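Working notes, structure below.
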């Protein structure tokens, strides 16, 4: 082993100091621009953070691919649904006429929207692919109200960083960052393939994110909460998914 | 030919130990073992991910309501997949996916270090590009024939790679690894929104998934043949060369 020269020691020290301060600066910048996911402290947080940060830089405004009608799946697959609460079955018996979506949190005007209210707001449709984390997928037409319009109607605060959404499936709740919440393809979906959204696919009301895997597109929505921090929601990891071992960010 | 080869290189290194270069450069050894760790993690987690839906399709979409291109006859970790087995495997997809992507990041970073160092030091040109006279099919076939005849080993090959090895390594480094990364990225819904061409060029997301599966198979095949070759050509000497870089002179003879 050669003795380490003073010059080498100094250059190595300087390189290490530069590397460390570079990392610290990167961390500051990442926090400032929202590139750290709420589950960054989990077991595989380094990989999750790298994926989220890089994909957010690349995809902040990108649109998911939309397909021609001819590519719509003849037999889309309705994944199995976990247990639904008693309230859902009551609402279903009433034809969902009493269905309400609550919008609260960091908003100027909390809302309680019926299905008719939602349908009377703006409408957008797109023919996009739903991809499950298991590997399967299908293409369907999704019709609904852009989430961004509901957030505007409610007067979401500029401090908002996440939209948390809850379901009649009590073990399943999710959240998304504002890049997805304000994304033009993100729909509060109530129609599918020219008809009402069937219950098997999340009807009467399902969140639909086009650039993330299916488990972010939560079925049977009950409530949206706008927040600047995930602290206080479950274990503070962003959604039920990290608590079950899955990534909060599902763009990959 | 092998018996009469002029041992100039060996004699030179025996005559002047100072001129002896390590068998493998430091960065090659460093990246080689990190790549192995990443690859094994990716392989195990990749198999686990496939178990949640052991069916493969061609085109953009695929699900249990569609005919698969082919299915693996293994039980699945989801009860929604018809496998013919009466039981469902435990779901390990969460950590498998997370570790798969974390290992993929590590592999991409290690690969970038290897590529930069490899071009910078002339490693690819010197050690892996087939020599000028043998960049043709004939030279590859000749070397393959020599393997088949199991003739005595060419002494030159103790210090460098033969033409078949060079072409194989270059194919793995510059075709299979880029393809496995590309097909992997093409399955990412967000990546596809920014770079739709990446998935459309492969024929769709399910095609990308199927190709990803076959390319992993090709990489596993490479790994098996690679380990067998190491074993038959002196396992511990090769291991030592890839760990410490050193070659003991008496072993070279």
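Determine if the range A:32-41 includes at least one residue that is more than 25 Å from residue A:190 (Cβ to Cβ) and part of a helix (DSSP H, G or I). Yes; the residues of the range A:32-41 include at least one that is more than 25 Å from residue A:190 (Cβ to Cβ) and part of a helix (DSSP H, G or I). The residue that is surrounded by the most Cβ atoms within 10 Å (Cβ to Cβ), counting only those in the range B:166-203 that are touching a residue at least 12 places away in the same chain (Cβ under 8 Å) and closer than 19 Å to residue B:134 by Cβ, is B:166. Residues in the range B:186-198 that are in a helix (DSSP H, G or I) and within 8 Å of chain A (Cβ to nearest Cβ): B:189, B:190, B:191, B:192, B:193, B:194, B:196. For the range A:34-59, the set of residues classified as in contact with a helix residue (DSSP H, G or I) (Cβ under 8 Å, 6 or more places away or on another chain) and either surrounded by fewer than 16 Cβ atoms within 10 Å (Cβ to Cβ) or at the interface with chain B (Cβ under 9 Å from one of its Cβ atoms) (or both) consists of A:42, A:43, A:44, A:46, A:47, A:48, A:50, A:51, A:55, A:56, A:58, A:59, listed by residue number. Scanning the range A:138-155 for residues that are more than 14 Å from chain B (Cβ to nearest Cβ) and either closer than 18 Å to residue A:73 by Cβ or more than 17 Å from the chain's Cα centre (by Cα) (or both) yields A:142, A:143, A:152, A:153, A:154, A:155. Here the strands (runs of 3 or more DSSP E) wholly within the range A:71-159 that include at least 2 residues being in contact (Cβ under 8 Å) with a residue 40 or more places away in the chain are A:100-105, A:124-131, A:137-146. Among the residues of the range B:54-79, those that are more than 9 Å from chain A (Cβ to nearest Cβ) and outside any loop (DSSP other than H, G, I, E, B) comprise B:70, B:71. Within the range B:104-129, the set of residues being out of contact with any helix residue (DSSP H, G or I) (no Cβ under 8 Å at 6 or more places or on another chain) and either within 12 Å of another protein chain (Cβ to nearest Cβ) or under 18 Å from residue B:41 (Cα atoms) (or both) comprises B:109 only.
Please tell me if residue B:101 is under 20 Å from residue B:211 (Cβ atoms), facing another protein chain (nearest Cβ under 8 Å), touching a helix residue (DSSP H, G or I) at 6+ places or on another chain (Cβ under 9 Å) and not in a strand (DSSP E or B). Considered against the rule, which asks whether it is under 20 Å from residue B:211 (Cβ atoms), facing another protein chain (nearest Cβ under 8 Å), touching a helix residue (DSSP H, G or I) at 6+ places or on another chain (Cβ under 9 Å) and not in a strand (DSSP E or B), residue B:101 comes out as yes.
Filtering the range A:124-137 for residues that are more than 13 Å from chain B (Cβ to nearest Cβ), modelled with pLDDT of 95 or more, under 19 Å from the mean Cα position of the chain (by Cα) and under 22 Å from residue A:178 (Cα atoms) leaves a non-empty set. Scanning the range B:24-34 for residues that are buried (at least 17 other Cβ atoms within 10 Å of the Cβ) and part of a helix (DSSP H, G or I) turns up B:28, B:29, B:31, B:34. Can you tell me which residues in the range A:196-237 are in contact with a strand residue (DSSP E or B) (Cβ under 7 Å, 6 or more places away or on another chain) and within 14 Å of chain B (Cβ to nearest Cβ)? Selection gives A:201, A:208, A:209, A:210, A:213, A:214, A:216, A:217. Has the range A:6-23 got any residue that is over 30 Å from the mean Cα position of the chain (by Cα), assigned to a loop (DSSP other than H, G, I, E, B), more than 11 Å from chain B (Cβ to nearest Cβ) and over 30 Å from residue B:67 (Cβ atoms)? No, the conditions are met nowhere in the range A:6-23. For the range A:160-178, the set of residues classified as modelled with pLDDT of 95 or more and either out of contact with any helix residue (DSSP H, G or I) (no Cβ under 7 Å at 6 or more places or on another chain) or not in a loop (DSSP other than H, G, I, E, B) (or both) consists of A:162, A:163, A:164, A:165, A:166, A:167, A:174, A:175, A:176, A:177, A:178, listed by residue number. Going through (1) part of a loop (DSSP other than H, G, I, E, B); (2) within 11 Å of chain B (Cβ to nearest Cβ); (3) under 26 Å from residue B:93 (Cβ atoms) one by one, residue A:63 falls short only on (3).
Screening residue A:238 on (1) buried (at least 24 other Cβ atoms within 10 Å of the Cβ); (2) not in a loop (DSSP other than H, G, I, E, B) shows it passes everything except condition (2).
If I filter the range B:135-149 for residues that are outside any helix (DSSP H, G or I), over 22 Å from the mean Cα position of the chain (by Cα) and surrounded by fewer than 16 Cβ atoms within 10 Å (Cβ to Cβ), do I get at least one hit? Yes, because at least one residue in the range B:135-149 is outside any helix (DSSP H, G or I), over 22 Å from the mean Cα position of the chain (by Cα) and surrounded by fewer than 16 Cβ atoms within 10 Å (Cβ to Cβ).
Would you confirm, using the coordinates I've provided, whether residue B:161 is more than 13 Å from chain A (Cβ to nearest Cβ), at pLDDT 95 or above and under 30 Å from residue B:242 (Cβ atoms)? No, not satisfied.
The set of residues from the range A:118-137 being within 13 Å of residue A:72 (Cβ to Cβ) and buried (at least 21 other Cβ atoms within 10 Å of the Cβ) comprises A:128, A:129, A:130, A:137. Report yes if residue A:88 is crowded, with 16+ Cβ neighbours inside 10 Å, over 19 Å from residue B:191 (Cβ atoms) and away from chain B (no Cβ under 14 Å), otherwise no. Here the answer is yes, as residue A:88 does meet what is asked. Looking at the structure I just gave you, is residue B:214 more than 10 Å from chain A (Cβ to nearest Cβ), in a helix (DSSP H, G or I) and closer than 28 Å to residue B:157 by Cβ? For residue B:214, the condition - more than 10 Å from chain A (Cβ to nearest Cβ), in a helix (DSSP H, G or I) and closer than 28 Å to residue B:157 by Cβ - is not met.
Restricting attention to the range A:179-196, the residues that are in contact (Cβ under 8 Å) with a residue 24 or more places away in the chain, out of contact with any helix residue (DSSP H, G or I) (no Cβ under 9 Å at 6 or more places or on another chain) and either within 17 Å of residue A:95 (Cα to Cα) or assigned to a strand (DSSP E or B) (or both) total 0.
The values are calculated or read from the model by the stated rules, or taken from the named source; none is laboratory data. Quantities reported herein were computed from a predicted structural model and do not represent experimental measurements. A quick note on method: Cβ atoms are made from the backbone with ideal geometry, for glycine too, and the neighbour counts reach across all protein chains shown.
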